[in-house]
Amino acid sequence: MSSRRIPGLTRLAGGIWHIDKRIKRFGRLCESTGTNDRDDAERYLARRLEELRQALLYGTRPRRVFREAATKYLTDYARKRSIDRDARGLKDLDAFIGHMWLDAIHNDTFTAYRQARTGKSTGTLNRNIWAAKRILTLAATLWRDPGSNLTWLAQAPLIQPAKYEKRKAYPLDWTEQRVLFTQLAPHLERMALFAVNTGLRDQELCGLKWAWEQRVPELDTLMVRRSVFVLPAVRTKNGKPRVVVLNDTAQSILEEQRGRHRTHVFVYQGRNKDGATRIARMNNSGWKAARRRAAAQYAKEFERDAPAGFRRVRVHDLRHTFGRRLRAAGVSFEDRQDLLGHTSSRVTTDYSSAEIRNLVEAANRITRSRETPELTVLRVLEK
């Protein structure tokens, strides 16, 4: 090769040369050359520059690797509510398809990824692959280079999700709640008890902020200072603001948490005494360890194996528990929708104090259901 080096090459960790070069009328070319030899890397770059020149002159579609398309997607959709989850999934996929040409990816391309990630649930793998499918669809239908009518990809491949049986909801009965909650660490127990009394999801609980609390002083009693939370649209699943009504149990937990942290309601106080820190997710190693201990305690206490749903109980099942108890207590369908934050034509943040009082009374009915006969729960036996 000539002693004159082509600019735009950077040697990264591991010795591989990487292209990072801005090209007139094209934009930024950012991809790996796949080699640690400088001469080979320059020949690769020269070939890519010629391909782009031909594309700009004669309308030939330049080839791009998936990593470049994934970067564009994460940049263009940075404000998407689930972009962080997409980013984690694409990072997990990168070692398998990041270096591949877009037009070389097809349904069977993901086989090696599925085989290497046997520890992950099928639903998680499907969701990650679905993010890749979305990128391929955008590359085939929307993304074009400046001055060109050609999309990045001629046609998006057909990608099918792996079939699996979706896990059924497992609402807890009162006995199962007692066995599980006694095995939880104190900070998780408070969160779990709050969840079965409000129906909040894992991320809504972990992200709950004091700034979202609104006092309702006209509903105060001698024993309770009443408040609600108004979750902003960016924090809810359906993308709409949600009013979280607190029954007496949830309100008492809230008062226990007050003053523990400046911004977040639920936090973890570590042993190092450096101050409380917010909890990223409830479904963590502490939850899973408590779940195993609870299953063992159940078997010891009742002299039979714990139901399969109890052994695998999820944080989201606490929300199902709240919903089922509302129904068992005779709470109307419309009030259950409001309390659970389900999408409906009635969902609003403009509640009168009388309406909030009605919802508080409805939510309080589940705490009294412990003293009244519950609906019979028929468990489907699982192998």
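Estimated from helical segments only, the mean residue ellipticity of the chain at 222 nm is -13500 deg cm²/dmol, where each DSSP H run of four or more residues counts as -39500 (n - 2.57). Rounded to the nearest 20 debye, the dipole size of region 166-240 about its Cα centre is 360 debye, using +1 on the Cβ of Lys and Arg and -1 on the Cβ of Asp and Glu.
At R0 = 45 Å, how high is the FRET efficiency between T221 and W130 if r is their beta carbon distance? Nearest 0.05 is fine. The calculated FRET efficiency here is 0.40. To the nearest 10 degrees, how steeply does helix 186-198 sit against the main Cα axis of the chain, on a 0 to 90 scale? Tilt of helix 186-198: around 80 degrees. Taking other residues whose beta carbon is less than 14 angstrom from the beta carbon of Y77, and scoring Lys, Arg as +1 and Asp, Glu as -1, yields +3. Between R117 and R312, the simple label model (points 7 Å from Cα in the Cβ direction) yields a spacing of 1.8 nm.
For a quick protection proxy, order the peptides 19-30, 126-137 by their average other-Cβ count within 10 Å, most packed first.
126-137, 19-30
Close amide-amide hydrogen proximity is noted between I23 and R28, L29, each under 5 Å apart and 5 or more residues distant or on a separate chain (H modeled in the peptide plane; Pro and chain starts excluded).
Answer rounded, prolate or oblate for region 23-76, using the Cα gyration tensor with square roots of eigenvalues a ≥ b ≥ c: rounded when a/c is under 1.5, else prolate when a/b is larger than b/c, else oblate. Oblate, since a/c reaches 1.5 and b/c is not below a/b. In order along region 322-337, the phi-based Karplus estimate (6.51 cos²θ - 1.76 cosθ + 1.60, θ = phi - 60°) of 3J(HN,Hα) comes to 4, x, 5, 5, 4, 5, 4, 7, x, 5, 5, 4, 5, 5, 4, 4 Hz; Gly and Pro are listed as x. Do the alpha carbons of any pairs in K72/K240; K80/K240; K120/K166; K72/K133; K80/K133 sit beyond 20 Å of each other, and which pairs? In this structure, K72/K240 exceed 20 Å between Cα atoms. Backbone phi angles across region 41-46, fed through the Karplus curve with coefficients 6.51, -1.76 and 1.60 (θ = phi - 60°), yield HN-Hα couplings of 5, 5, 5, 5, 4, 4 Hz in residue order; Gly and Pro are listed as x. Taking 0.36 nm per residue of separation and subtracting the Cα-Cα distance, full extension of the segment from W174 to E334 would add 55.1 nm.
For Y268, the amide hydrogen comes within under 5 Å of the amide hydrogens of T277, R278, I279, counting only partners 5 or more places away or on other chains and with H modelled in the peptide plane.
Counting only GluC sites (Glu not before Pro) that sit in a DSSP loop (anything but H, G, I, E, B) with at most 13 other Cβ atoms within 10 Å, what is the longest stretch of the chain containing none of them? With GluC sites (Glu not before Pro) excluded where exposed in loops, the chain gives 1-164 as its longest stretch.
Read-outs: derived from the displayed coordinates by stated rules, not from any lab. Because the structure is predicted, anything quoted here is derived from the model rather than measured. Cβ atoms come from the backbone with ideal geometry, glycine included; neighbour counts cover every protein chain shown.
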